[in-house]
Amino acid sequence: MKEIKSIIKLYNFYSTSSEKSAIAQVVRVEESSYRREGARMLVFESGIFEGGISGGCLEGDALKRSQIAILKEEPSIVTYDTSKDDESQIGVGLGCNGIIDVLISPITSKNNTISLLEKCIFSRKSHILVTVTATNKSDENFPLGYTYYYDTETQTLEGCKHSELKNMLTKDILMVLDTKKSRIYNYSIGKLEISAFIELIPPQFHLVIYGDNYDVYPMIDLAQVLDWEVSLVGNLQKLKKDRLDSVKHIYSKDEDKQPQIDDRTAVILMAHDYKTDTINLKKTLQSPAPYIASLGPKKRFEKMKTDFLNSGTPITEEQLQRIYAPCGLEIGANTPEEIATSIFAEILGVFSNKNGGMLRDKEEPIHDRF
C-alpha cells in the first residue's frame, strides 16, 4: 500500500503538467524474483519514476521501455529471463534468477489505472483489480493493460461487458479472495483468448497500541516506516504530542469510544499495568484481531489466564491462538527499539502465516510458486 500511495502522490504532483507517464507492473513471476506480482513503478517521459519492479536490476530497462510506450501510446508485455547465463540478458548476475513478465501501460484518457489505485487507498476493505495481460483480439472491450474493478462489498465486477468472461472472472476472483494470492488466469471463450492478472490489494495494516509510556514511540516510528495505520489508547496528558504526528486515531483510556478493530489489525497491550492490560485484553478478545500481544513474562500471562478462569470467563482455545504473550521473536532484543523490531517481525509472520526463523535454514522457496 505504501508504494501505491507514493505513486499516486507523485502522479498528482505532476498532474497539472503536460508530461506523460506510464505504469510498469510485475504481473507474472517464475522461480525467484526480488519483487513479486503486483509490484509497480510509475515512469514519466522525463525519466522521473517512483516505485520499483525489482531490486534495481530491471528498473533502468523498464524506464526506457516505458518512455517508448509513452511515445507510441501503446501498452506492451516485456519478459525478463534472468535465469539463464546470458551476458546480454538484463538482470543476469544481480540476484533475480527468474522469469518476470512486466506489463507497461501508458496512462491515457482510456487507461483507468490511477483512479482505481486511488480507490484502493481510501477504505479499509480488500480490493480486487483485474488487468488484461494478453489478448488475441483487438477489441475495445479487452485492450491490453485495461483494468476492471471488483467491489468486494457488492460482489460486482465493474466495466466487464462480456457476460461469459465476467462469470469466469468472478469465479477466479473468489478463489483469489479465499487464498489471498494474486495470480494470472487464462481464458478461452470461442475465438477469444485472454489472460488476466487478478490482483488482491488488502487494506493497510492497522496497529492498535494500548499504552502511554516511553516504549510506545519506537512502535509508532516503525509503524510509520512501514506505512501502517496507527491507533493509540492511553493517558493523553502523559503522551508527547510532538511524537504523535503519524498516529491517525488517538483515544483517551477513560473514554468509551474505542478503536475499530478488523482482521488486518494487530493489538499491543503495553500499559505496564496488570489491571489495565487485563481489562484491555478482555475487550480485544471480542474483536476479530488475529494478533493480540501482551508485553511481560510468561508468568504474568499465566496469572491473567487464571484470573479469567476464576471470573467464569475462561480464555478459549481459539482466543489463545490469537494471543502472543510473551510477544515478539527471540532475537535477543533488549532496548525499546529492538523489542519493537521483534514484535513487528512476529506480526508480519502471523499475518503471512509464517513461523519466522532463518531463511538460510528454509528448504522450500521463500515465496509461494504456482
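Derivation of every value follows stated rules applied to the coordinates shown; laboratory data play no part. Every value quoted in this text rests on a predicted model; they were computed, and no experiment measured them. Please note: Cβ atoms are built from the backbone with ideal geometry, for glycine as well, and neighbour counts cover all protein chains shown.
The distance from the alpha carbon centre of the stretch 3-26 to that of the stretch 260-323 is 43 Å, rounded to a whole number.
Between the beta carbons of Glu364 and Glu118, assuming R0 = 25 Å, the FRET efficiency works out to 0.10 to the nearest 0.05.
Over all other residues within a Cβ to Cβ distance under 14 Å of Lys253, the charged ones net out to -2, with Lys and Arg as +1 and Asp and Glu as -1.
Counting only residues at least eight positions apart within a chain, or on another chain, the lysines with an alpha carbon under 17 Å from that of Lys282 are Lys253, Lys257, Lys303, Lys305. Computed from phi, the 3J(HN,Hα) profile of the stretch 310-324 under the Karplus parametrisation 6.51, -1.76, 1.60 (θ = phi - 60°) reads 5, 7, x, 10, x, 6, 6, 4, 4, 5, 4, 5, 9, 9, 10 Hz, with x in place of Gly and Pro. Think of the chain as having a plus end and a minus end, set by charges on the Cβ of Lys, Arg, Asp and Glu; of Tyr148, Gly296, Leu10, Gly296 sits farthest toward the positive end of this dipole. With the Cα gyration tensor of the stretch 213-367 giving a ≥ b ≥ c as the square roots of its eigenvalues, does the rule (a/c under 1.5 for rounded; else a/b larger than b/c for prolate; else oblate) give rounded, prolate or oblate? Because a/c hits 1.5 or more and a/b fails to exceed b/c, the stretch 213-367 counts as oblate. A full extension of the chain between Glu330 and Asp221 corresponds to an added length of 37.1 nm, given 0.36 nm per residue minus the alpha carbon distance. Neighbour counting of Cβ atoms within 10 Å sorts the residues Lys125, Lys241, fewest neighbours leading, into Lys241, Lys125. For the stretch 192-224 versus the stretch 99-119, the spacing of their alpha-carbon centroids is 23 Å. When +1 charges are put on Lys and Arg Cβ atoms and -1 charges on Asp and Glu Cβ atoms, the dipole computed for the chain relative to its Cα centre reaches about 760 debye.
Take the Cα of Ser163, go 7 Å toward its beta carbon, and the backbone nitrogen atoms of the stretch 186-202 under 20 Å from that spot belong to 188-193. Shape call for the chain from the C-alpha gyration tensor, a ≥ b ≥ c root eigenvalues: rounded (a/c under 1.5), prolate (a/b greater than b/c) or oblate? Prolate, because a/c is 1.5 or more and a/b exceeds b/c.
With K and R counted +1 and D and E -1, the other residues having a Cβ less than 14 Å from that of Asn355 yield a net charge of -3.
Partners of Lys181 within straight-line reach, counting lysines whose Cα lies under 26 Å from its Cα and excluding those fewer than 8 residues away in the same chain: Lys2, Lys5, Lys119, Lys125, Lys161, Lys166, Lys171, Lys354, Lys362.
Here Lys191 is the anchor, and the aspartates and glutamates within straight C-alpha reach of less than 19 Å, apart from those fewer than 8 places off in the same chain, are Asp139, Glu140, Glu164.
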